[in-house]
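Notes follow once the structure below has been shown.
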Amino acid sequence: MATFSIGTSQFLLDGEPFRLLSGAMHYFRVPPAYWGDRMHKARLLGLNTLETYVAWNRHEPRPGEFDFAGILDLSAYLALAAEHGLWTLVRPGPYICSEWDLGGLPAWLLADPGMKLRCAHPTYLEAVDRFLDALVPVLVPHQVTRGGRLLAVQVENEYGSYGNDQTYLRHLADGLRRRGIDVPLFTSDGPSDEMLQYGTLPDIHKVANFGSGADGAFAKLREYQPDGPLMCGEYWLGWFDHWGEAHHQRPAADAAAALDGILAAGGSVNLYMYHGGTNFGFYNGANFHQGQYQPTITSYDDDAPLDEAGDPTPKYFAIREVIGRYAELPADPVPAPAPKMALGTVCLEQSVPLLASLSQLSTPVLRATPEPMENLGQSFGFIYYRTRVSGPRAAAPLLVRHLRDRALVWLDGQLLGTLERERPESGLSFAVPTGGATLELLVENMGRINYGPELLDRKGITEGVVLGQQYLYGWTLRSLPLDDLSGLEWSAGPPSAYPAFCRGQFTVPDEPHDTFLALPGWTKGVAWVNGFNLGRYWQRGPQRTLYVPAPLLRPGANELVLLELHGAEAPSVAFTDRPDLG
């Protein structure tokens, strides 16, 4: 049984100096069949440790219902890392940021109108405690103190970037200890005064997060922690993308040089990300910067050393060369990129309009006002609103107050246009004929904010709908999480109206390989392969293909379903052997 401790200047493993050479890889973003391959490549990179966040919202999708199976089998992930000779770090939050919906906090928290997040608010702490009661027993047996390889556990995450509630941090730290965590605890924050003053506790080891300038960052850390090992808890050697931006790429030589600065200063490091993976389904987060809402794309490639499909990139080899100056590298060769397959064009020969399928997908709920989806027990997907407006009325502007995040609007079945949260200036106006008209809105949750003061981000229509100067009341609501499409009634041919589901079959050879779904001519929507939600696509880019891992496929016939919101040039897609992230 090994020991791990924090010395006066270095980490100590079995009493000997130990430099943490860690990489971040989140189990919930990578198919379990690929965990071992990515871990093997971590060892070949020269890493000795693997780090992961814990996604609370995946593990407790509904209050009191926990899931630790399949892609959420954290215990299996930690055990497999140990088999590969890797030590581990776990960052259980409860908040993780990570460009993940609501920073990993479950959306059902927001059904409480008085909810306050990331502080010592009683109902929030009650939910946190229930989560830790379920999670910590999973972690305890993997600790180095119990014969495992889990070295340390983080308290919260970059809390100094959000708040200053030391009572909250103490509650978390003491709660971890009380439940059986006896390895060292640590916090991670940006290297600035306010972050290091409030993101940690006096008795907890501090690490700093940054992407360059190791000397300055470590000097600031030393002002608040005069001794103890230096560590960059998140070395940002790449970056994530928002829809509508250019794809972020950091030159390999620049990333390698900044890493060399960390290691030359004697620091330990955690590469964020070593391997990013994918924001499958609806789990992408969003940022809110300078008044603009910025949803994150489906891919979490993050310009990392291992790309989204797990292949080494030029950055991998540049980082490996730097690590080799400070640690002995394994003699085994780095594997070549795994084979990919191009399946060619696939025609989507069946369809059904979404609005014609509402009764197969949802149950109507009557409300006085158009409430947010969390009030209906819904976390992800879309939500539909319908009301009747009396007439005649002269043309007046339609205002959806606090739209979250994007709405298609119809009047008597005719599409009026699209409203977007990040483009509030694009308004709609209409007149109402004698006898009145039916107003319908389909609102898409594009991902909850995961960082900063706007974190409490309810979805749907969160305040009300105003026509002219009059609030509209008397609404029918329908939750559309789209987690079960089995009730759809398909027809042959292209859809008669959009939004619409489109379905086709494609054939996979006896030995499936990874592939990439290309959607030229399609506008915006969601894709499912064999019932698995791959995530969102959008003509806005930068991402142009969706990653389809081989474990989702089966030899022979496979099914592809798209929900297209606006329309397509042709009812066909292509599966290609290379990604296009813009």
inquiry  = Out of all DSSP beta bridges in the chain, what portion is antiparallel? Express it as a percent rounded to 5.
reply    = 75 percent
inquiry  = For the chain, what is the number of Lys pairs with C-alpha distance below 22 angstrom, counting only pairs 8 or more positions apart or on separate chains?
reply    = 6
inquiry  = Between 0 and 90 degrees, rounded to the nearest ten: what's the tilt of helix 122-139 against the longest Cα principal axis of the chain?
reply    = 60 degrees
remark   = Which of (i) 87, 54, 54; (ii) 83, 55, 39; (iii) 134, 74, 47 is the computed Cα extents along the principal axes in Å? It is (ii)
Peptides 307-315, 573-581 ordered by average Cβ neighbours within 10 Å, highest first = 307-315, 573-581
query = DSSP loop trypsin sites (Lys or Arg not before Pro) in the range 60-140 with at most 16 other Cβ atoms within 10 Å of their Cβ, which ones?
reply = LYS116
message = With the alpha-carbon atoms as the only input, what is the per residue convex hull volume for the range 482-530 in Å³?
response = 135 Å³
task = Ratio to report: Rg/Rh of the range 493-582, with Cα atoms as the point set and Rh obtained by the Kirkwood method; give two decimals.
result = 0.95
task = Scale the Cα Rg of the range 22-323 by the rule-of-thumb value 2.2 N^0.38 Å and send over the ratio, two decimals.
result = 0.94
query = Which of the chymotrypsin sites (Phe, Trp or Tyr not before Pro) found in the range 381-421 are in a DSSP loop and have at most 16 neighbouring Cβ atoms, other than their own, within 10 Å?
reply = none
message = Which residue, GLY7, THR145, LEU553, has the largest displacement toward the positive end of the dipole of the chain when charges sit on each Cβ (Lys, Arg +1; Asp, Glu -1)?
response = LEU553
query = Hey, got the dipole for the chain? About the Cα centre, +1 on K and R Cβ, -1 on D and E Cβ, debye to the nearest 20?
reply = 880 debye
note = Sparse-neighbourhood loop hits (GluC sites (Glu not before Pro), the range 529-582; DSSP loop; Cβ within 10 Å at most 16 others) -> GLU569
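Every number here is computed from the coordinates shown, using simple stated rules; none is lab data. These numbers come from a predicted model, not from an experiment. Glycine gets a Cβ as well: all are built from the backbone with ideal geometry, and neighbour counts include every protein chain shown.
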